[in-house]
Amino acid sequence: MGFVVAVDGPAGSGKGTVTKLIAERLNLVSIDTGAMYRCVALDCLNKNISSSDLDGIANILKNIKIELKKENGIQKVYLNGEDVTEEIRTAKVDNVVAVFSAIKIVRDKITPLQREMGKTENIIMEGRDIGTVVFPNADVKIFLDCSLEERAKRRYKQNIEKGIETPYEEVLKSIIERHKLETEREIAPFVQAEDAIYVDSSNLSIEEVTNKIIEIINERR
């Protein structure tokens with residue numbers, strides 16, 4: 001297996017941005033596992049398959065093709081041959097991805113795909129169960145945390161930059177509900193791995209978080 005860095009953390013903790021920056025500086029392949037679950041959710045939405053329709057979801061999973069590509073330095077996500085990089089980040093997917101990602105047959109499909117990516121490449125993979133389920137023997141495990149309020153502020157700012165005008169209170173409510181769902185689900189609940197190094201990004205800049213995690217990785221390498 002290649003060298004594996006597992007970065008787990010809640011939405012809004014900055015793990016997506018930080019992971020990409022670390023990958024560039026340490027020559028690692030960056031893998032956004034959340035994008036893979038978002039692809040499943042989007043495919044189901046587009047085909048009017050509800051989260052309770054397990055047979056319908058099973059059919060989706062039989063034929064789904066998810067590709068993570070880097071094009072001109074930009075990470076792209078393809079679903080069944082179509083570029084969905086922007087679409088998987090829309091509010092409609094945000095609202096349902098936690099529900100779909102908690103379904104056992106979905107995780108049984110996605111987890112092996114994630115493990116396959118770490119067999120030959122030196123990777124940094126971010127998600128919510130990377131250090132606990134996907135790569136319990138990862139070379140480095142980071143748990144990147146952040147306060148609920150700060151996470152909501154960051155997501156609200158991201159929405160404004162994308163032209164999405166959602167009230168801050170609504171964003172905060174969504175963050176709280178998603179956190180509750182992910183931490184209390186029966187399948188692969190979102191928890192910190194016992195041997196993960198805890199990093200709180202609440203009062204740190206992206207550059208400070210990046211440098212801190214790179215120091216940790218270099219010490220373990």
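The values are calculated or read from the model by the stated rules, or taken from the named source; none is laboratory data. All figures in this text were calculated on a predicted structure; none of them were measured in a lab. Virtual Cβ from ideal backbone geometry, glycine too; neighbours counted across all protein chains shown.
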Taking segment 118-140 as the region of interest, how many residues are hydrophobic (A, V, I, L, M, F, W, C) and assigned to a loop (DSSP other than H, G, I, E, B)?
2
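Residues are listed down the side, and each one gets a yes or a no for (1) touching a residue at least 60 places away in the same chain (Cβ under 8 Å); (2) in a helix (DSSP H, G or I):
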| site | (1), (2) |
| --- | --- |
| I142 | yes, no |
| R155 | yes, yes |
| Q192 | yes, no |
| E219 | no, yes |
Looking only at residues that are surrounded by fewer than 17 Cβ atoms within 10 Å (Cβ to Cβ) and under 15 Å from the mean Cα position of the chain (by Cα) in segment 112-138, which one is farthest from F3 (Cα to Cα)?
L113
Looking for whichever is surrounded by fewer than 22 Cβ atoms within 10 Å (Cβ to Cβ) and outside any helix (DSSP H, G or I) here; the options are E165, E170. Which one fits?
E165
Which of the residues belonging to segment 194-210 are surrounded by 15 or more Cβ atoms within 10 Å (Cβ to Cβ) and part of a helix (DSSP H, G or I)?
V209, T210
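Residues are listed down the side, and each one gets a yes or a no for (1) under 13 Å from G127 (Cα atoms); (2) among the hydrophobic types (A, V, I, L, M, F, W, C):
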position: P10; (1), (2): yes, no
position: A23; (1), (2): no, yes
position: N59; (1), (2): no, no
position: E67; (1), (2): no, no
Looking at segment 79-96 only, could you name the residues that are surrounded by fewer than 16 Cβ atoms within 10 Å (Cβ to Cβ) and not basic (K, R)?
N80, G81, E82, D83, E86, T90, A91, N95
Somewhere in segment 3-18, is a residue at pLDDT below 90, β-branched (V, I, T) and within 20 Å of the chain's Cα centre (by Cα)?
no
At least 1 residues that are modelled with pLDDT under 95 and either touching a Gly at 6+ places or on another chain (Cβ under 6 Å) or among the polar types (S, T, N, Q) (or both) in each: list the strands (runs of 3 or more DSSP E) lying fully within segment 22-117 that qualify.
29-32, 74-79
Somewhere in segment 60-76, is a residue of a type in the set (G, A, S) and over 23 Å from V134 (Cα atoms)?
yes
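For segment 81-91, enumerate the residues that are closer than 18 Å to I160 by Cβ and over 13 Å from the mean Cα position of the chain (by Cα).
Listed by number, the residues that qualify are E86, T90, A91.
Would you mind finding the one in S30, S13 that is in contact with a helix residue (DSSP H, G or I) (Cβ under 6 Å, 6 or more places away or on another chain) and touching a residue at least 60 places away in the same chain (Cβ under 8 Å)?
The unique qualifying residue is S30.
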Take E149 and tell me if it is over 15 Å from the mean Cα position of the chain (by Cα) and without any contact (Cβ under 8 Å) to a residue 24 or more places away in the chain.
yes
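Here are some residues: A152, A193. Which one is touching a strand residue (DSSP E or B) at 6+ places or on another chain (Cβ under 6 Å), at pLDDT 85 or above and under 21 Å from G34 (Cα atoms)?
Only one candidate qualifies: A193.
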Can you list residue pairs whose Cβ atoms sit under 7 Å apart, with the first residue in segment 106-119 being in contact (Cβ under 8 Å) with a residue 24 or more places away in the chain and of a type in the set (D, E, K, R) and the second being surrounded by 15 or more Cβ atoms within 10 Å (Cβ to Cβ) and not in a helix (DSSP H, G or I)? Count only pairs 6 or more apart in sequence or on different chains.
R107/A188
Evaluate segment 198-207: report whether one residue or more is touching a residue at least 60 places away in the same chain (Cβ under 8 Å), in contact with a helix residue (DSSP H, G or I) (Cβ under 7 Å, 6 or more places away or on another chain) and not β-branched (V, I, T).
yes
